[in-house]
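Peer 1: I'd like to ask some things about the structure below.
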Amino acid sequence: MSRKISMKQAINEALDLEMRRDPTVIVMGEDIVGGTGAQGEDDAWGGVLGVTKGLYAKHGDRLMDTPLSESAYIGAAIGAAACGLRPVAELMFLDFMGVCFDQIFNQAAKFRYMFGGKAETPVVIRGMVGAGFRAAAQHSQMLTPLFTHIPGLKVVCPSNAYDAKGLLIQSIRDNDPVIFCEHKNLYGLECEVPAESYAIPFGEANVLRDGDDVTIVSYGLTVHRAMEAAAALAKDGTEAEVIDLRTLSPIDWDTIVESVERTGRLVVVDEAHPRCNLATDIAAFVGQNAFGALKAGIQMVTAPHTPVPFSPSLEDLYVPSADSIASAVRRTLSPKGASPRIAA
Amino acid sequence: MAQNPFPLGKDELLKAYRTMRTIREFEERLHVDFAKGDIPGFVHLYAGEEACATGIMMHLNDNDRIASTHRGHGHCIAKGVDVHAMMAEIYGRSTGACRGKGGSMHIADLSKGMMGANGILGAGAPLICGAALAAKVRGDRGVGITFVGDGASNQGTFLESLNLAAVWNLPVVFVVENNGYAESTAMEWAVSCDSYVDRATGFGMPGVTVDGTDFFAVYEAAGEIIRRARDGGGPALLECNMVRFYGHFEGDAQTYRAKGELEAIRASRDCLTILSERLVEAGVIGRDELQAVDREVNALIEDAVRAAKAAPLPVAEDLLRDVYVSY
Ligand SMILES: Cc1ncc(C[n+]2csc(CCOP(=O)(O)OP(=O)(O)O)c2C)c(N)n1
Ligand SMILES: [Mg+2]
């Protein structure tokens, strides 16, 4: 049975189903239950935006509120994972990664390799990413490239409720540490989602729209902007293929390269900062592996090289827009070499 | 007029009252305007906690530094940050304290020694150790005050900073603003010891707990430890027990509170009522004088909102400005 639910509900459902299936799954985070130790309602919050609301009633103490000590509880989730549990630890806003990154990139990410292949660390660290929420510089970042840079971490960033559910279930079952990035501006977005459990394998991009003229690759919120751009371009007779990466590590190189070999043009859209991000990564890979197929220079559309500004008038300019993506596509259609230098 | 039983003269008392009233009015106005949808982003109100910021900041000058929290409006106002610039910042205007780039959670005014509200819990504690180190190296008798909530007092950065300040003998005061909750989670559950004084002792520094709704209690305790820090006596911790009158942030339904809890604290633990009753009862300041202050403050906030709404938004060129000193 399938019905329309939001990405927030889909994440809640994935947690619920996996907790039912596997008693080693525990969920922890700040106020993910809420009201612990207080005299009012149990399950008072269910997370800062209500993503885990209702799970406490179903699973009780397998959901744990934590003190505001990210190094300690994220580290404890990792340690418990190395000892047989499958913890899902919520790091509210992934910007808070700063205070607990050691446990993630020096510990969790390295155990498997550093211990000669003898360790497994099936932990999921999930939290919000992305701009557009008026949440300012320390609650709005798209830090995905920091995570993809680290060998040993898997990095997931769904663009819709269906993918969020299947990818979170897969993340929980996966035996490596997974950073699960939830774009806060997609939480309310609804789509058809089956009620039953299903897993979406990692490293399989989703081709959302077929087209022969240009390939647009993105992930997360900007997938939707890319689709808008594609619709606008279609009116002018340009057919764009839109690829939603879904997982950034591992990444589906084959789908990207096959598409570019057909279209000869590539636009990569990334909400992260312009340097050393997914866009530059993919552009470099295609430049190295499919150079012969390219009919035009690769175009990248990213956020600017600035922190996320608070003022709505600036934040609205910050995230790549459908217009900026469509312009990038048009640049790939102009004669080779004619495109202006784009400042990072 | 009766003899003044207080540790402050009448002008200073009026100043303290005015500061607390300004914070209250500022926050209550934001509460109303946020509900109307006028204000973008996350807003954490300091209403109910005014005596703490005010009682401490009365001892500081612009050369003393503070590092604030996500609940920073009260600290800003008490440290002398311009109310118009704050309001404009919260409205995201180019006339704001941070030209609209920071918002409520990042208001700063370095010229006033206000090193920023902060979106990262515990982040202010190491920074204020640095401010105190700079004061110590310069020998300018400056002190650093960092504010931390009961919840954020569990951050590693905070606990590490206690130790650092102690071993370096820095002129720092760690103020724990204990309002009983971190978002929806109770302090009694999340903090492993009964008293912050025990934590301070464990880190080799004195700790004091005061009723943070009592302006005079805060003022006197803060005075002593700030003087001690200024004189080279080293760091100390001050725990202020207090209450927050609104949700964790605007939009919080506060169902974690006991029934009647909010009404009870508003009735019996309102620091502004407590202060004004004491001033009036002692016969030092007349009710009419306080009401005159209220009217002035009301006009000030009204004007700040009007000016903020009328101010220009930042423009496209501002987006790329100020990433580096010269960009
Ligand atoms: C490192 C970090 N973790 C979590 C948060 C999210 N957060 C913001 S305020 C808050 C509660 C803080 O409680 P407390 O320190 O008691 O201060 P209060 O809000 O009560 O003033 C939380 C969890 C954050 N901003 N930074
Ligand atoms: Mg608190």
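The values are calculated or read from the model by the stated rules, or taken from the named source; none is laboratory data. Remember, it's a predicted structure, so these values are computed and weren't measured experimentally. We place every Cβ from the backbone using ideal geometry, glycine too, and count neighbours over all the protein chains shown.
Peer 1: Step by step: first the residues of the range A:50-73, then only those that are more than 10 Å from chain B (Cβ to nearest Cβ) and assigned to a loop (DSSP other than H, G, I, E, B), then the one that is farthest from ligand 2 (Cβ to nearest atom). Which residue is that?
Peer 2: Among those that are more than 10 Å from chain B (Cβ to nearest Cβ) and assigned to a loop (DSSP other than H, G, I, E, B), it is A:GLY54.
Peer 1: Also, quick follow-up: Please determine whether any residue of the range B:146-154 is within 14 Å of chain A (Cβ to nearest Cβ), in a loop (DSSP other than H, G, I, E, B) and either within 16 Å of ligand 2 (Cβ to nearest atom) or within 20 Å of A:SER69 (Cα to Cα) (or both).
Peer 2: Checking the range B:146-154: at least one residue is within 14 Å of chain A (Cβ to nearest Cβ), in a loop (DSSP other than H, G, I, E, B) and either within 16 Å of ligand 2 (Cβ to nearest atom) or within 20 Å of A:SER69 (Cα to Cα) (or both).
Peer 1: Just one of A:ALA72, A:ALA81 is in contact (Cβ under 8 Å) with a residue 60 or more places away in the chain and within 24 Å of B:ASN154 (Cβ to Cβ); which is it?
Peer 2: Exactly one residue qualifies, and that residue is A:ALA81.
Peer 1: Here are some conditions: (1) hydrophobic (A, V, I, L, M, F, W, C); (2) touching a residue at least 24 places away in the same chain (Cβ under 8 Å); (3) away from every other protein chain (no Cβ under 14 Å). B:VAL32 meets all but one. Which one does it not meet?
Peer 2: Failed condition: (2).
Peer 1: In the set B:THR185, B:THR201, B:THR157, which member is of a type in the set (Ser, Thr, Tyr), more than 16 Å from ligand 2 (Cβ to nearest atom) and within 13 Å of another protein chain (Cβ to nearest Cβ)?
Peer 2: Going through B:THR185, B:THR201, B:THR157 in turn, just one is of a type in the set (Ser, Thr, Tyr), more than 16 Å from ligand 2 (Cβ to nearest atom) and within 13 Å of another protein chain (Cβ to nearest Cβ): B:THR157.
Peer 1: Here's something else I'd like to know. On the given criteria, is A:ARG126 among the basic types (Lys, Arg), within 16 Å of ligand 1 (Cβ to nearest atom) and over 10 Å from the mean Cα position of the chain (by Cα)?
Peer 2: In short, no.
Peer 1: Return a yes/no flag: does the range B:187-199 have any residue that is surrounded by fewer than 23 Cβ atoms within 10 Å (Cβ to Cβ), within 12 Å of ligand 1 (Cβ to nearest atom) and within 16 Å of the chain's Cα centre (by Cα).
Peer 2: no
Peer 1: Which residues, counting only those in the range B:155-186, are part of a helix (DSSP H, G or I) and either away from ligand 1 (no atom under 13 Å from the Cβ) or more than 25 Å from A:PHE96 (Cα to Cα) (or both)?
Peer 2: Selection gives B:LEU159, B:GLU160, B:SER161, B:LEU162, B:ASN163, B:LEU164, B:ALA165, B:ALA166, B:VAL167.
Peer 1: Return a yes/no flag: does the range A:106-116 have any residue that is buried (at least 23 other Cβ atoms within 10 Å of the Cβ), within 14 Å of chain B (Cβ to nearest Cβ), in contact (Cβ under 8 Å) with a residue 12 or more places away in the chain and closer than 23 Å to A:LEU167 by Cα.
Peer 2: Looking for residues that are buried (at least 23 other Cβ atoms within 10 Å of the Cβ), within 14 Å of chain B (Cβ to nearest Cβ), in contact (Cβ under 8 Å) with a residue 12 or more places away in the chain and closer than 23 Å to A:LEU167 by Cα, one finds none in the range A:106-116, hence no.
Peer 1: So which of A:PHE96, A:PHE111, A:PHE105 is within 13 Å of ligand 1 (Cβ to nearest atom) and in a helix (DSSP H, G or I)?
Peer 2: Answer to the check: A:PHE96.
Peer 1: Can you pull out every residue in the range B:231-244 that is surrounded by fewer than 24 Cβ atoms within 10 Å (Cβ to Cβ) and closer than 9 Å to B:VAL172 by Cα?
Peer 2: Correct list: B:GLY234 only.
Peer 1: Check B:MET20, B:MET114, B:MET105, B:MET57 and return the single one that is crowded, with 24+ Cβ neighbours inside 10 Å and within 14 Å of another protein chain (Cβ to nearest Cβ).
Peer 2: Answer to the selection: B:MET105.
Peer 1: Condition check: among the charged types (D, E, K, R), within 28 Å of B:PHE42 (Cα to Cα) and within 14 Å of another protein chain (Cβ to nearest Cβ). Does B:GLU239 satisfy that?
Peer 2: Against the criterion (among the charged types (D, E, K, R), within 28 Å of B:PHE42 (Cα to Cα) and within 14 Å of another protein chain (Cβ to nearest Cβ)), B:GLU239 does not qualify.
Peer 1: If the Cβ limit is 9 Å and pairs must be 6+ apart or interchain, which residue in the range A:134-156 that is under 16 Å from A:LYS110 (Cβ atoms) pairs with which residue that is hydroxyl-bearing (Ser, Thr, Tyr) and part of a loop (DSSP other than H, G, I, E, B)?
Peer 2: A:GLY152/A:THR121
Peer 1: Another question, then. Taking the range B:263-320, which residues are more than 22 Å from B:ARG244 (Cβ to Cβ), outside any helix (DSSP H, G or I) and not hydrophobic (A, V, I, L, M, F, W, C)?
Peer 2: Listed by number, the residues that qualify are B:GLY283, B:GLY286, B:PRO312, B:PRO314.
Peer 1: What's the number of the only condition in (1) among the β-branched types (Val, Ile, Thr); (2) free of Cβ contacts under 8 Å to residues at least 12 places away in the same chain; (3) under 25 Å from B:ASP214 (Cβ atoms) that B:ILE128 fails to meet?
Peer 2: With respect to (1) among the β-branched types (Val, Ile, Thr); (2) free of Cβ contacts under 8 Å to residues at least 12 places away in the same chain; (3) under 25 Å from B:ASP214 (Cβ atoms), B:ILE128 is out only on (2).
Peer 1: Hey, another quick one. In the range B:187-218, what count of residues is obtained for those that are in a helix (DSSP H, G or I) and charged (D, E, K, R)?
Peer 2: 3
Peer 1: While we're on this one: Would the range B:34-51 turn up any residue that is within 28 Å of B:CYS129 (Cβ to Cβ) and in a helix (DSSP H, G or I)?
Peer 2: yes
Yes or no, residue by residue, for (1) surrounded by 24 or more Cβ atoms within 10 Å (Cβ to Cβ); (2) under 30 Å from B:GLU317 (Cα atoms); (3) of a type in the set (Gly, Ala, Ser):
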site: B:GLN3; (1), (2), (3): no, no, no
site: B:PRO7; (1), (2), (3): no, no, no
site: B:GLU12; (1), (2), (3): no, no, no
site: B:GLY37; (1), (2), (3): no, yes, yes
site: B:GLU50; (1), (2), (3): yes, no, no
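Peer 1: Anything in the range B:92-104 that is under 16 Å from A:VAL308 (Cα atoms) and hydroxyl-bearing (Ser, Thr, Tyr)? List them, or say none.
Peer 2: Answer for the range B:92-104, where residues must be under 16 Å from A:VAL308 (Cα atoms) and hydroxyl-bearing (Ser, Thr, Tyr): B:SER94, B:SER104.
Peer 1: Taking B:ALA222 as meeting all but one of (1) surrounded by fewer than 21 Cβ atoms within 10 Å (Cβ to Cβ); (2) under 26 Å from B:PHE158 (Cβ atoms); (3) among the small types (Gly, Ala, Ser), write down the number of the exception.
Peer 2: With (1) surrounded by fewer than 21 Cβ atoms within 10 Å (Cβ to Cβ); (2) under 26 Å from B:PHE158 (Cβ atoms); (3) among the small types (Gly, Ala, Ser) applied to B:ALA222, the lone miss is (1).
Peer 1: A further question on this structure: Based on what the data block shows, is A:ARG134 crowded, with 23+ Cβ neighbours inside 10 Å and not assigned by TED's automatic domain parsing to the domain that holds A:SER313?
Peer 2: No: the conditions fail for A:ARG134.
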